Amino acid sequence: MRNYLITAVVSAGTALGVVQVVPSRIAELEVDRLIVRHELIVSDTGRPWEKGFEEQMVARGLYARGGGPGRSGLWVRGRLIQSEVDDPFDARFHSVYSDGSIHRAPGHISWNCWIDGAWRQMAIIQGEGLEYSEVPRESWTGGNHPGRLRFQSFRPSHPEPLTDAIIGQGKMSVGGGGYGGGGLPYPSEVLQLWGGTVEGHPVESPKAPSVVRDDGSGRRSYSIVAIGPQGRRTTRSPSVIAEGHATLRWESIPGADSYLVLRDDQAVAGPLRIEGSTKEWTDTVRDR
C-alpha cells in the first residue's frame, strides 16, 4: 500500500477550510521533517509511562517532551545505545548561562534510587572547569578551557554529596570533605591523600579448593594459584584429592585478578577469570 501523504494547511489569509480524513493508524509514515511541539511517545501501549510507575516516570519506551526550561526532557526505558561508524563515539554535555557567559560546571552524571516518593542521588561524577583563581576568566579562550572531574557520594545521614576525589591536570586528590576549598583540597601534586594513608594488601595464597564431583577415572590431585592484576603469582594452595577429572569450587581471593589450576602439579587451566565470589571450574582437559 502506498504511503499516506498527510498534509494540513491552514491559512489566515483565506476563508477556505480543508479537512482531510486521516486514518486512525498508519503502518509507516515517511517525512522529511517532523516538528513536535509538545510531546513524542514511542510506546507499544501508547502511554508514556510504564503502568504502575507513573510517579517514578519510568518510560514505557521513549518519551520526549518540549516546553522550555524545567519541563523539556527525554526519558528512555532500557538500554541507551549510541553508535558510530568510521569515527570515534562522542557524547557531550553542554550548558551555558542565558547571558552567554561560561558555565564552569556544565553537568554531572548521577546514580539514583527511589526513596520517600522521589529519586535520590547516591553517587555523582561532575565535569567542571578550573576556578578563576587558578585560570583568570580573561585567559579562557577557544584554545584554553582547562577542566577536571569531581567524584562525589552521599554519606550516611547527610543530605548533601561530599567530594571523594578530584582528578584533572595530571593530578589527583583523594579523601573526605565537602565542596572545593571548604572540603577536599584541589591537588597540587600528582597524588595527594587527605585524612588517611596508603594501605597495601598482598594477594594471599588460596586455600585448597573443594571437590564438587569427579568422573571416577582415576586418582588426581588439584591445587590453585591466585594471580594479581600485574601478573604476580601467589604460592599454590594445598592440594585436594579427587578420584577422577573433577569439578572444583573455591572462594574468591581479595585482590586476585585470575587463577591457575594445577592438576598433579602441572598447570592445566588459566589464567581463569570467573565471575562471582564463589568460583567453579570443571576439568575437561584430557591426559596427554
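Every number in this text was worked out from the coordinates using simple rules, so none of it is lab data. In this text the structure is predicted, and so the values were computed from the model without any measurement. Cβ placement follows ideal geometry from the backbone for every residue including glycine, while neighbour counts extend to all protein chains displayed.
A compact table of results
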| item | result |
| --- | --- |
| Where a residue in the stretch 29-54 is farther than 16 Å from residue 73 by Cα and its partner, wherever it lies, is of a type in the set (A, V, I, L, M) and in a loop (DSSP other than H, G, I, E, B), with Cβ under 7 Å and at least six apart | 50/58 |
| Single condition residue 127 does not satisfy, out of (1) in a strand (DSSP E or B); (2) within 30 Å of residue 51 (Cα to Cα); (3) of a type in the set (Gly, Ala, Ser) | (2) |
| Given (1) more than 16 Å from residue 210 (Cβ to Cβ); (2) of a type outside the set (D, E, K, R); (3) touching a residue at least 24 places away in the same chain (Cβ under 8 Å), index of the condition residue 237 fails | (1) |
| Selection count where residues are in contact with a Pro (Cβ under 7 Å, 6 or more places away or on another chain) and among the hydroxyl-bearing types (Ser, Thr, Tyr), scope the stretch 72-115 | 1 |
| In the stretch 141-156, residue surrounded by the most Cβ atoms within 10 Å (Cβ to Cβ) [restricted to those that are under 13 Å from residue 128 (Cβ atoms) and not basic (Lys, Arg)] | 152 |
| Complete set of residues in the stretch 238-263 that are hydroxyl-bearing (Ser, Thr, Tyr) and touching a His at 6+ places or on another chain (Cβ under 7 Å) | none |
